[in-house]
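The values are calculated or read from the model by the stated rules, or taken from the named source; none is laboratory data. All values reported here derive from a predicted model rather than from experimental measurement. Note that each Cβ is placed from the backbone with ideal geometry, even for glycine, and that neighbours are counted across all protein chains shown. The protein model used for the area step is the full one, side chains on, heavy atoms only, and it has no ligands, DNA or RNA in it. Shrake-Rupley method; radii C 1.70, N 1.55, O 1.52, S 1.80 Å.
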Amino acid sequence: MPKLIKDRAVIDDDWQLLREIPAEEGLPAGKIIVPLDYWLEQRDALLARGDVGVWLSSDQAPTPLAPDLETLPVIAIDFPLFTDGRGFSYGRTLREHHGYKGEVRAIGQFIRDQLFYLSRCGFDAFAIETADPERALASFDDFSDAYSAGIDQPVPWFRRHNQ
Amino acid sequence: MYQYNKQDQLLVNERAQQFRGQAERFLAGELTPQQFLPLRLQNGLYKQRLAYMLRIAIPYGTLNSRQLRKLADISRRFDKGFGHFSTRQNLQLNWPELEDVPQILEELASVEMHAIQTSGNCIRNTTADHFSGVAADEIEDARPYCEIIRQWSTFHPEFAFLPRKFKIAVCGSQQDRAAMHVHDVGVEIVHNAQGESGFKILVGGGLGRTPVIGEVINEFLPKQHLLTYLEAVLRVYNQLGRRDNKFKARIKILVRAMGPDAFREKVEAEWVYLKDGPNTLTAEAIAHAQSFFQKPPYEVLDDTIEESTLQQQALADAAFARWLKYNTSRHKQAGHAIVTLSLKTTGYAPGDATAEQMEVVADLADRYSFGEIRSSHQQNLILPDVRKRDLKAVWEAATAIGFATPNIGHLTDIICCPGGDYCSLANAKSIPVAEAIQRKFDDLDYIYDLGELDLNISGCMNACGHHHVGHIGILGVDKKGAEFYQISLGGNQGKDASLGEILGPSFSQVDVPSVIEKVLQTYLDKRIDGEVFLGTFRRIGIEPFKERVYA
Ligand code: SF4
C-alpha cells in the first residue's frame, strides 16, 4: 500500500487517488478521491456511495465545495509543479474562511522542503513522492517558531513576542 | 535600529542550518538542480555568468557598523575583497563558492543578517526611503512599518511560491525617495485630516519588460490594517496571477488585465475574511516597532552657529564647499546633516565598494553617525546623523577612500546594474558605458550647470538599473549578436513618476557618450531659466532631441 504522511507520521494510505475517472470499468471499490468536476457532476450518486474525497487542481479554488465541507472527509490539493504555490492559499482559505475540519492533503510534485509551510497553511496529510518518507519528517521542524500567523499558530509573532 | 530578540536570532540560525542541509542534499544528488533552484534563490544565491552570486539582505537599507565590518570581512574571506550595493539596497557578492555559502550565512546570522528572500518568487526584501527617520521633509518614519512588514513577510508560509517576485517599497516623506510607483506594492505613509496615520496603497507598478506606474487602490488605509490588507492583495495575486508565462506573471499584468477597480474589488472581497483578524496591528505592536527607531542621543546644537562655522570652512576650501552643497542633505535635527557617500567615482563600477572602503565607512559611522549606515537604491551609502561641525573631517576621510565625488543627484551619479560583466541575463555590458560617460563629462561645472539629472543604465530589459525612470535611460539591447544601446528620455521616479520615451534606433557602445552630449546640448539650448532637464523635456517633448541626435 502506498505511504502517506499524516499528522507527522508515516502511515499506509488507504485512499485511492483517481486522477481521471476510468471510462470503462467505472469507479473502483474502496475509498476514492475524485476530481472536482466529477464530484460536481455526480454529487448525489457519490454522496450515496460514501467513502469519497475530492481533489482540486491548482487552478481550482475550493469555493464550489462550500456546501459539502461537513461531509467530505478528505480534500486533496494538487501541486502540478512544486513551484506552483496556489495550493498554499487554498489550504489556508479552506481552514480559515470555510472552517473545514477534515483532512487537507497535498498531492503531486511538492517536496519535503515545503512541509513546514504546507502544514502552516492547514495541510495535515502529504502523499509525498519520495523513497524515504521517514527522513522527510525532519522538515516539519525546520523552524521552531514563525513570524506570520498560520493555521498551526494563529497568533502572529508580534502579538506573542513584541508587546 | 531594529535589534533581534532571541526568537529572531533563532529563526535566522535555523534558516542557515536549513540551507546547509539543502546544499548537502543537492551536492549528494538528492535534490535535483530544478528542485534546488528556488531553494537557493530564496537564500539569495544566483548562478551568474562565471560564478555564483550571493545577494545579502540589507532590510530597508539600514545597517550598523558591526554589520558593515562583517560584510567587509566576508567579502575578503569568501570573495574577491569587494561587494556591490544594488538598486534593491542589498549587497551582492560576485564570487562565492557554493560550498562556502552555508558558512557565509552562519557568519551573517552572527551579526543579525541573512540572505533570506532576496531572490526567488516570494516577497522580497522591503525597501524604503534611505533618509527615513532623518529627512527634514519627513511625515513619519517608514522604518517601524518596514520592520513590521519584514517580520510578516519573512517565511510567510502562503506566499513563498508566488507567480513571480514581489517587491514592496515604503516611503514616509514628501519627496518619494523609494520609487514607490514602480514597485509591486508601494506603501506611502499619509496623515488624514484628524492627524491619524495611515497608508496610501499603490499596486501593480514595476519596471522590466513591461514598465507600469502603480495604481492607487486605497487612498487611506488605517494603520492597524496594514498586514491584513497586504495579505489580501497577495492572496488575490497568488491565486490569479499568471503562471503560464514568466514575462506576464508580475502583479502589474494582472492589475492591468483586470483593471484597478476590479482588482480592488477582489482585494476587498478577500479582505472581508482577514480584516480585524489576528494580523491586525495592535497599538503595542506599532509602539514596540517604533521603540527601535527612536532618535539617537543628539547633541543640542544651535543651527545658526553651526551653519556659520561651516560656511567659513566652505569659503576657505572650494572643494569642500562643492561637496557640502551636493553630497549633504537637510536633517531634521538642528546642527546635523545627512551625508551621502558617492559610490560613483570614475573608474569604479557604480555601487561597488572594497572591503577596505567598507571598513573606513564603518569607522566613520562609529565616530560620527551613531554607528549607523544606510544604503540607497541609487547605489550610494549614507551616514544619516553627522554633526555639521564634523562634516569637514568626514569629507576628508571620504575623499581619502574615493567616496567624496561631489556629484549626488547629477549626471555622473549614475545608477547602473552589473550588466554583461557579471550578469548571465545581460544583453550588453553596462559598467563600461557608465564609465565612458563619467570620463567624457568630467567637468564639474558643466555637470552642475545641467542641474538635477538621473541617468540610469540597465544591461537588459529586466531593468535592474531602473532605466525607464531615469531622466535619461540607457538600455542594453542585442542587435544580431552585437551589444547596442537604446536611449529613452523623460522618465522620473518621484511622486510624479513617468516612464521614459524611446528616442529612436539604438547606438553602438562607442557612440553613446556623444549621443548623450547631443541630448544634453539640446536641453541647454532649449531650457528656460532655472528649468531642470525633466521640466524642459516635459515642456518640449521628444522631437527636438530626436532631430538633433539623428540629424
Ligand atoms: S538589468 Fe539585466 S543585465 Fe542588468 S543586472 Fe538586471 S538582469 Fe542583469
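Return the only residue of B:Arg76, B:Arg15, B:Arg66, B:Arg25 being in a helix (DSSP H, G or I), touching a helix residue (DSSP H, G or I) at 6+ places or on another chain (Cβ under 9 Å), within 14 Å of another protein chain (Cβ to nearest Cβ) and touching a residue at least 60 places away in the same chain (Cβ under 8 Å).
Residue meeting the stated conditions: B:Arg15.
Inspect the range A:126-141 for any residue being facing another protein chain (nearest Cβ under 8 Å) and of a type outside the set (D, E, K, R) and give the result as yes or no.
So far as the range A:126-141 goes, no, none of its residues is facing another protein chain (nearest Cβ under 8 Å) and of a type outside the set (D, E, K, R).
Restricting attention to the range B:416-429, which residues are surrounded by fewer than 24 Cβ atoms within 10 Å (Cβ to Cβ), near the ligand (Cβ under 9 Å from one of its atoms) and not in a loop (DSSP other than H, G, I, E, B)?
B:Gly420
Every residue, every condition in (1) basic (Lys, Arg); (2) within 26 Å of A:Gly50 (Cα to Cα); (3) surrounded by 24 or more Cβ atoms within 10 Å (Cβ to Cβ); (4) touching a residue at least 40 places away in the same chain (Cβ under 8 Å), yes or no:
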site	(1), (2), (3), (4)
A:Ile77	no, yes, yes, yes
A:Phe82	no, no, no, no
A:Gly87	no, yes, yes, no
A:Ala106	no, yes, yes, no
A:Ile111	no, no, no, no
A:Glu129	no, no, no, no
A:Asp141	no, no, no, no
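Enumerate the pairs (first residue in the range A:150-162 and more than 7 Å from chain B (Cβ to nearest Cβ); second residue anywhere and open to solvent by 50 Å² or more (accessible area, probe 1.4 Å) and in a loop (DSSP other than H, G, I, E, B)) with beta-carbon separation below 9 Å, excluding pairs fewer than 6 apart on the same chain, so at least 6 apart or on different chains.
Matching pairs, first to second residue: A:Arg160/A:Gln153.
Taking the range A:35-86 only, how many residues are more than 14 Å from chain B (Cβ to nearest Cβ) and not in a helix (DSSP H, G or I)?
The total comes to 16.
Scan the range B:390-409 for residues that are open to solvent by less than 20 Å² (accessible area, probe 1.4 Å) and of a type in the set (Gly, Ala, Ser) and report the count.
2
Any residue in the range B:488-514 that is in contact (Cβ under 8 Å) with a residue 40 or more places away in the chain and farther than 22 Å from B:Gln378 by Cβ sitting within a Cβ distance under 7 Å of a residue that is open to solvent by 20 Å² or more (accessible area, probe 1.4 Å) and of a type in the set (D, E, K, R)? List the pairs, counting only those 6 or more apart or interchain.
B:Leu503/B:Lys546; B:Gly504/B:Lys546; B:Gln509/B:Glu483
Could you list all residues from the range B:46-59 that are open to solvent by less than 10 Å² (accessible area, probe 1.4 Å) and either touching a helix residue (DSSP H, G or I) at 6+ places or on another chain (Cβ under 6 Å) or modelled with pLDDT of 95 or more (or both)? Spell out how you get there, then give the answer.
Let us first name the residues in the range B:46-59 that are open to solvent by less than 10 Å² (accessible area, probe 1.4 Å), namely B:53-54, B:56-58.
B:Leu54, B:Ile56, B:Ala57, B:Ile58 - these are the residues of the range B:46-59 that are open to solvent by less than 10 Å² (accessible area, probe 1.4 Å) and either touching a helix residue (DSSP H, G or I) at 6+ places or on another chain (Cβ under 6 Å) or modelled with pLDDT of 95 or more (or both).
Would you mind telling me which numbered condition in (1) assigned to a loop (DSSP other than H, G, I, E, B); (2) more than 30 Å from A:Ala29 (Cβ to Cβ) A:Ala131 fails?
Here A:Ala131 meets the rest and fails (2).
Restricting the search to the range B:430-472, which residues are surrounded by 21 or more Cβ atoms within 10 Å (Cβ to Cβ), assigned to a loop (DSSP other than H, G, I, E, B) and within 10 Å of the ligand (Cβ to nearest atom)?
Within the range B:430-472, B:Ser430, B:Gly459, B:Cys460, B:Ala463, B:Cys464, B:Gly465, B:His466 qualify.
Residue by residue through the range B:1-12, note down the ones that are open to solvent by less than 30 Å² (accessible area, probe 1.4 Å) and facing chain A (nearest Cβ under 9 Å).
Within the range B:1-12, B:Asp8, B:Leu11 meet the criteria.
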